[in-house]
Amino acid sequence: MCPEKEARSVQIAEIKMLYSDSSWHLRCSKLPGQAHRSSITVWPSIVWRVRMNFLKQDLWQAIRQLRNNRGFTLAAVITLALGIGANVTVFLVMYGVLLRPLPFPHSEQIVRLERLYPQGETAPAYSGTKFLFMRRASRTLDSVAAYDYIPATVNLVQGGDAVPIKALRATSDFFKVFQMQPRIGRGFSAQDMVPNAPGVVVISDALWRQRFGADPGILGRAITLGSQKYTVVGVARPEFRLDEKTDVWAPLQISEAADDQSNNYNVVARLKPDVTPAQAQDDLRRVLLELKSTYPMLWSKNEAVRVLNYQDSLVGNVRPALRMLMGAVLLLLVIVAANILSLLLTRAIARRREMSLRAALGATGWRILRQLLVENAILCIAGGIAGLVLAQFGAPALMHLSPIELPTFASLDISGTAIAFAAALTIACAVIFSVVPAFETRRTQLNESLRVNATQIASSRNLAQRALVVSEVAVSLVLIAGAALLLTSFWKLMHTAPGFSAENVLTFKSSFSADEAATSAQLSRRLNDLTARLEAIPGVRSAAEVSNLPTQIVPDLFFAIAGRSKGRSDAGGDGKYIPITAHYFNALSIPVIAGRAFTDSDRSGSTPVIIINQEIARALFNGESPIGQHLMVGQGMGAGFEDPAREIVGVVGDVKQTGLDQPVPSILYLPAAQIPDKLTQMGNGLLGESWIVRMNSANIDVATPARRIFMDNAQAPLLNVAPLSEVVSASVAQQRFNMILLSGFGLLSLLLGAAGLYGVLSYMVARQTKEIGVRMAIGAQRGDILRMILREAGLLVGVGLMLGVAASLAGAQVLQSLIFGVAPRDPAILAAGCGLLLMTGLFAAWWPARRAASTEPMEALRAE
């Protein structure tokens, strides 16, 4: 054999010998001088093969360890799957709503314009005149568009069917702002915006497929919306989705007017390249100052402008709930990790002889840590994969149960970002699960571990497990206190008097064509006719129409008391503007406190009248009777919105119009027949008409004859048919969901914390078997042993409660916006949570303590 081959064979033989050595070290001896140079070229590949063999051996050893402890492995994987799955589920929702970029090119350049007032209040709508002026005068906006505040419900008439769909009016640059020109045909042009221009529409991709069979010849086809004909000029892209579902877009035909005070339109814009929102906001401040000289009646010194990222404007209202959910599941993951870590520490203590033997044979700390890392990596990867599977099904289920209305562009699909998040959690858990037990193992003296049995290791060395139990108790208290706050808040919310009776009341919505709602008098005649037909249904006591139901959104309008100077603090204010028909108060059982309710004689052309609620009477009339006095509503709104002075003919009870968790607002009730025609047109287009039918019994079928009445007499299908109690319940659905979810997390944390305490105390009792035998042999009674174990448990729980109280007090303000009628730092709730955890902890400690107290002294003394 040549010297070079001989040297190589010697080297490989030595590596094989070192690989088989239990010290796990790769010691490199110096090669023969004549072969040293040539062996360098093969050395890296040999080292790589050796390392891969080491890793392979680590992997197989880890699999054997986990397979030999199937109970521990299964429990750990399931617990990890729950913790990681819950976190990934909430992350999918957060990413899909808050973090995922909008599906528009360069979406970061899209902004929404809002009115800003000195106290930080904002209003997200502008008048058509202000929009046109800003579009013309701005130097930083590349394109600007206005569109309806909310989509209107219209009826798509096809043959003899009327299908309700959502329609949105928008200006010519609407599709340009989003850089989403229709996939077929065109968007809107400047000629389409001219008043009385031929009606054209762009339909959604979904409507094109569902109602028109994806007809490629759809362009130029006439469709009927309500009673008006429109020509289809485009089909939108399938990915073009905003915050609310829209089926058809029509041109918004507006013009400038010096007295246009109607703020009815959202305004969005695309910034010019390299322009920031702050620069655009400064530019629009200049524009508002220019508005002062052009339209002095529209300029307000108290009104500024805010330029807001468009995505933030869409999802801002769901941020608090999603952040609360994310915080809750992260705390839950802490408890899950603490429980698994406690189990791993128990295993590490039991494996001290094994690890010490490895160290005696030459294994380094890194070598032992690497073995633990491989074992725990397998454990965590299995838990992470199971968690991703749970999240795939859990995220849609969560949002199905949740009242949070996700924007239509939101996606809950598991993407690379979600996988990266799950991988980060998995890696973090694997590292923690390996480092802590390895550190605990290194604290053991080698001679001690080799000399004694694992059952003889003193419990005083179990500090890490005690710390984990304390942390579990603290985190559990935070979740339980939060759940108790939301539970108390929800109970108070549901026991708040709404000011009306929802029992035996059916509600539904309808929408009429623009021709039918052209004037208040014309629409009122239709409403009165339908009301009479509804009240003729057997079992119906009264029926009424209203713009929107209690606990739902209604517009605000400024009102002033006639005869009072503008400088007075009680000269007027803002009130909820609610047009109603005559029997509204009867249908809802709202009491008339003074004066009278509306009658059928309060119609168009009769004396203008108004009814106020008690809140206005208390706030502005200071004990004086408001009956007979006059209010002026919506002054300065512009041409077509003029409203005469109205005589106050009644005062009615307060109603929680804006929600059970909101203060009673000022409310102005007006006869539907007497409001300005433009407000009738606007209300019908944006809100539609809501109906309230009070029945003698909940068992009466009113919906079937009501559908027939509306189709036969108005060709209007009924929408959102539901009892009023469900409408009220839906208004607190978010609070109910928060309460149920956080209560579930709190209960789960309570169970996990109890399980962790039980495990630690059981292990401590097992470690102290001989000590307990000695104590009992020298005279200790069973009650003494019982108290000793319970005292140990009480100490751990007590320390955890103190930390939990401090954390709860520090983080209480996080729930401030989610609770009602209860202080975020309520001492009674904290005390109740502490009591519950203490009782749970002592109950979990009872079984190990009872087992210790029943130990026979001689058996304990013989234990090894």
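Brief remarks follow.
- Charge tally in the Cβ shell below 14 Å around Thr488, where Lys, Arg are +1 and Asp, Glu are -1, Thr488 excluded: +1
- Residue by residue, the stretch 676-690 carries 3J(HN,Hα) couplings of x, 4, 5, 5, 5, 4, 5, x, 5, x, 8, 9, x, 10, 9 Hz when phi is fed to the Karplus relation 6.51 cos²θ - 1.76 cosθ + 1.60 (θ = phi - 60°); x denotes Gly or Pro.
- Here the ratio of the Cα radius of gyration of the stretch 198-339 to 2.2 N^0.38 Å is 1.57.
- Sum of side-chain charges, Met134 neighbourhood, beta-carbon under 15 Å (Lys, Arg +1; Asp, Glu -1): +3
- Sequence of Asp701, Asp192, Asp712, Asp312 from largest to smallest accessible area, 1.4 Å probe: Asp712, Asp701, Asp312, Asp192
- Most to least packed among 251-262, 735-746 [average Cβ atoms within 10 Å]: 735-746, 251-262
- Under a 5 Å amide H cut-off, with hydrogens placed 1.01 Å from N, Val275 pairs with nothing among residues at least 5 apart or on other chains.
- The per residue volume of the convex hull around the alpha-carbon atoms of the stretch 113-199 is 150 Å³.
- Environment charge of Gln657, counting only residues whose C-beta is closer than 12 Å and scoring Lys/Arg +1, Asp/Glu -1: -1
- In plain terms, the chain from Thr607 to Ala514 could stretch by 30.8 nm, reckoned as 0.36 nm per residue minus the Cα-Cα distance.
- Label-to-label distance for Glu503 and Ala214 is 5.4 nm, based on points extended 7 Å past Cα in the beta-carbon direction.
- Label-point separation in nm, Ala594 to Arg186, each point 7 Å along Cα→Cβ: 6.2 nm
- Each residue of the stretch 471-487 is assigned a 3J(HN,Hα), and the resulting list reads 5, 4, 5, 5, 5, 4, 5, 4, 5, 5, 5, x, 5, 5, 4, 5, 5 Hz, derived from the Karplus form 6.51 cos²θ - 1.76 cosθ + 1.60 (θ = phi - 60°), x at Gly and Pro.
- Protection proxy ranking of 544-552, 788-796 - average other beta-carbon atoms within 10 Å, highest first: 544-552, 788-796
- Stretched out straight at 0.36 nm per residue, the stretch from Arg64 to Ala730 would grow longer than its current Cα-Cα span by 234.4 nm.
- Here the 3J(HN,Hα) profile of the stretch 831-848, calculated from phi with Karplus coefficients 6.51, -1.76 and 1.60 at θ = phi - 60°, is 5, 5, x, 5, x, 4, 5, 5, 5, 5, x, 5, 5, 5, 7, 4, 5, x Hz, Gly and Pro shown as x.
- For Ile184, residues with placed amide H under 5 Å, excluding near neighbours: Val235
The values are calculated or read from the model by the stated rules, or taken from the named source; none is laboratory data. Quick caveat, the model's predicted, so the values are computed rather than measured. A quick note on method: Cβ atoms are made from the backbone with ideal geometry, for glycine too, and the neighbour counts reach across all protein chains shown. Surface accessibility is based on the protein's heavy atoms, side chains included, excluding ligands, DNA and RNA. Shrake-Rupley method; radii C 1.70, N 1.55, O 1.52, S 1.80 Å.
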